[in-house]
Amino acid sequence: MSEQVYDIFVIGGGINGCGIARDATGRGYKVALAEMNDFASGTSSGATKLIHGGLRYLEHYEFRLVRESLMEREVLWAMAPHIIWPMRFVLPYHKGGIRPAWLIRLGLFLYDHLGGRKLLPPTATLDMKKDPAGKPLKALFTKAFEYSDGWVDDARMVVLNARDAADRGATIMPRTKVVSAWREGAVWAIETENTISGEKRQFRARMLVNAAGPWVDQVLSGTFGKNQVHNVRLVQGSHIVVRRKFDDPRAYFFQNPDNRIIFAIPYEQDFTLIGTTDRDYKDDPKDVKITEGETTYLCNAASEYFKEPVRPEDIVWTYSAVRPLYDDGASKAQEATRDYVLKVEGEEGQAPLLNVFGGKLTTYRRLGEHALEKIGEAIGLKGKPWTAGSSLPGGDFPVRGYEAEVTKLKSRYPFLADPHARRLIRRYGTRAAMILGNAKTIADLGRCFGSDLYEAEVRYLIEQEWAYSATDILWRRSKKGLYLSKEEAAALDSYMAENHVHA
């Protein structure tokens with residue numbers, strides 16, 4: 001057993017686990033994190049990818065959560081202007097709709113004024129007969145409200161938090177399962193197993209953080225052997241991706257007759273993302289996939305609005321994830337609280353355990369700060385909150401500076417095609433230059449695996465971002481899976497198997 005004792009050992013490499021690890025390391029705590037699969041391989045890459053206040057949470061009176069979320073939008077955008085950007089949402093309205101116009105107006109008024117909006121433009125009313133946003137929709141929608149929120153590349157936000165934590169000195173271990181943990185007085189003993197090599201290791205830590213997302217209860221029952229654990233309500237959310245349905249850069253917010261809402265969002269240049277569903281989920285989170293019923297539901301819901309219906313045969317990709325909502329006993333999946341709950345366990349003199357329940361992408365940074373308050377109470381304070389003014393790796397440029405970064409990259413590497421340069425800045429920001437190095441021609445980037453994915457980028461992802469398989473690269477680090485053929489993906493997989501340079 002290694003003699004060094006960590007201050008904090010985090011279980012779970014989703015957005016909350018990686019966010020807590022980054023914040024704690026930056027304050028001077030000695031931190032280790034173990035994730036049994038790849039970063040963001042669970043809930044954190046299965047989101048609708050919004051940095052948003054949660055307009056519909058107002059209906060459930062979740063004012064604290066909405067206000068915190070609204071305030072976070074511009075904080076996160078400034079931290080990561082490469083992977084987060086503002087988006088306008090169009091909410092079409094027709095007489096006799098589900099919610100009366102006054103209610104929507106009231107909601108949007110609160111939305112505009114609750115959260116200290118500075119850079120994002122305010123709500124507007126659109127005449128859908130004249131506005132281009134009306135073009136793809138049925139003629140019945142003559143009016144719409146337009147408001148601001150943000151979009152995020154969710155899986156990249158997770159891996160950048162992990163990268164930054166590691167750069168600041170944290171021990172970050174993907175594909176490492178915590179097999180068991182037990183208290184030895186004031187210290188935790190933790191046993192891990194590498195899921196690829198089978199290697200077992202033991203760690204010691206003064207405090208344990210259970211941020212396992214949908215697996216948080218499984219960790220409590222399996223790893224700690226607790227009986228009858230039921231803290232989270234698992235709710236499945238599925239999404240479909242179709243070829244581009246509209247040219248407008250704005251997204252749509254559709255209200256369904258069942259009171260639920262779905263979004264239709266411009267996605268990866270050539271596609272439209274439609275989601276999400278909300279259904280209780282009873283099985284193992286690792287097996288989650290879209291059901292036939294959900295596919296039909298999303299196609300039908302979108303077809304109520306679009307002139308041209310969305311059909312199952314239009315779908316090019318689907319993804320599904322399980323939200324681990326804190327179980328507050330709400331009767332309907334969509335009514336269960338979206339707020340997070342942090343609970344510390346452990347008697348006086350015993351090593352403390354912090355359990356993280358719920359949470360969403362938008363509030364991950366504030367959840368981290370609240371977790372650090374609890375950690376400080378339990379094992380002693382270190383450092384001050386610091387993440388609000390920080391940048392995530394590659395995000396160290398002005399909040400509205402994306403176009404300028406693209407221009408800089410193209411002048412330094414004139415051989416890059418415009419879409420390629422734009423994509424590199426969108427994914428990596430100022431770190432794009434680390435990938436391109438001294439390249440003078442496109443050939444200097446090495447083998448092309450399909451689309452504009454070159455060996456230089458693949459090597460960077462293996463060496464800097466813990467990518468292990470083609471899936472990690474094609475569906476989490478990038479979305480190139482939408483563009484590569486099965487053969488190209490298989491070729492990438494075998495290249496990666498031959499070129500593993502893993503810590």
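Assorted remarks:
- All conditions but one from (1) within 30 Å of Glu74 (Cβ to Cβ); (2) crowded, with 23+ Cβ neighbours inside 10 Å; (3) at pLDDT 95 or above apply to Lys360; the one that does not is (3).
- Scoring Asp153 on the criteria (1) within 25 Å of Lys95 (Cα to Cα); (2) charged (D, E, K, R); (3) in contact (Cβ under 8 Å) with a residue 40 or more places away in the chain leaves a single failure, condition (1).
- The condition of being over 19 Å from the mean Cα position of the chain (by Cα), surrounded by fewer than 22 Cβ atoms within 10 Å (Cβ to Cβ), in a loop (DSSP other than H, G, I, E, B) and among the small types (Gly, Ala, Ser) holds for only one of Ser180, Ser197, that being Ser197.
- Whichever residue in the stretch 201-231 is open to solvent by less than 10 Å² (accessible area, probe 1.4 Å) and assigned to a strand (DSSP E or B) and, among such residues, is nearest to Ala302 (Cα to Cα): Asn210
- So Ala162, is it in contact with a Phe, Trp or Tyr (Cβ under 7 Å, 6 or more places away or on another chain), within 25 Å of Asp23 (Cβ to Cβ), part of a helix (DSSP H, G or I) and of a type in the set (A, V, I, L, M): yes
- Scanning the stretch 225-274 for residues that are of a type in the set (A, V, I, L, M, F, W, C), touching a residue at least 60 places away in the same chain (Cβ under 8 Å) and closer than 30 Å to Gln202 by Cβ gives a single hit, Val232.
- Identification of strands (runs of 3 or more DSSP E) wholly contained in the stretch 236-330 with 2 or more residues that are polar (S, T, N, Q) yields 315-326.
- Selection within the stretch 207-227 - of a type in the set (D, E, K, R) and over 29 Å from the mean Cα position of the chain (by Cα): Lys226
- Elements of type strands (runs of 3 or more DSSP E) contained in the stretch 66-159, each with 1 or more residues being open to solvent by 20 Å² or more (accessible area, probe 1.4 Å) and of a type in the set (Phe, Trp, Tyr): 84-93
- Within the stretch 472-488, considering residues that are farther than 17 Å from Tyr454 by Cβ and without any contact (Cβ under 8 Å) to a residue 60 or more places away in the chain, the one surrounded by the most Cβ atoms within 10 Å (Cβ to Cβ): Glu487
- The single condition among (1) open to solvent by 30 Å² or more (accessible area, probe 1.4 Å); (2) in contact (Cβ under 8 Å) with a residue 12 or more places away in the chain; (3) assigned to a helix (DSSP H, G or I); (4) not basic (Lys, Arg) that Ser451 does not satisfy is (3).
- Here Gly54 fulfils each of the conditions (1) open to solvent by 40 Å² or more (accessible area, probe 1.4 Å); (2) out of contact with any Leu (no Cβ under 6 Å at 6 or more places or on another chain) apart from (1).
- Residue in the stretch 406-420 that is farther than 24 Å from Arg459 by Cβ, touching a residue at least 24 places away in the same chain (Cβ under 8 Å) and assigned to a loop (DSSP other than H, G, I, E, B) present: no
- Set side by side, the residues Ala170, Ala166 differ, and just one is free of Cβ contacts under 8 Å to residues at least 12 places away in the same chain and crowded, with 16+ Cβ neighbours inside 10 Å, which is Ala166.
- Test result for Val344, open to solvent by 30 Å² or more (accessible area, probe 1.4 Å), in contact with a helix residue (DSSP H, G or I) (Cβ under 8 Å, 6 or more places away or on another chain), farther than 25 Å from Glu465 by Cα and among the β-branched types (Val, Ile, Thr): yes
- Filtering Leu436, Leu445 for residues that are under 21 Å from Arg163 (Cβ atoms) and buried (at least 19 other Cβ atoms within 10 Å of the Cβ) leaves a single hit, Leu436.
- From the list Val10, Val31, Val5, the one residue that fits, being open to solvent by less than 10 Å² (accessible area, probe 1.4 Å) and over 21 Å from the mean Cα position of the chain (by Cα), is Val31.
- Residue, farthest from Ile84 (Cα to Cα), within the stretch 380-405, restricted to residues that are open to solvent by 40 Å² or more (accessible area, probe 1.4 Å), part of a helix (DSSP H, G or I) and not hydrophobic (A, V, I, L, M, F, W, C): Gly389
- Out of Glu294, Glu304, sole residue that is open to solvent by less than 10 Å² (accessible area, probe 1.4 Å) and of a type in the set (Asp, Glu): Glu294
- Filter pass, Phe246 being more than 28 Å from Thr337 (Cβ to Cβ), among the aromatic types (Phe, Trp, Tyr) and under 25 Å from the mean Cα position of the chain (by Cα): yes
- Residues of the stretch 407-444 satisfying the condition of being under 29 Å from the mean Cα position of the chain (by Cα) and hydrophobic (A, V, I, L, M, F, W, C): Leu409, Leu416, Ala417, Ala421, Leu424, Ile425, Ala432, Ala433, Met434, Ile435, Leu436
- Residue count, the stretch 1-51 (criterion: over 18 Å from Ala181 (Cβ atoms) and among the β-branched types (Val, Ile, Thr)): 5
The values are calculated or read from the model by the stated rules, or taken from the named source; none is laboratory data. Source: prediction; values computed, not measured. Quick reminder, even Gly has a Cβ in these numbers, built from the backbone with ideal geometry, and neighbours come from all protein chains shown. Remember, those area values only see protein heavy atoms, side chains included, never the ligands or the DNA or RNA. Shrake-Rupley method; radii C 1.70, N 1.55, O 1.52, S 1.80 Å.
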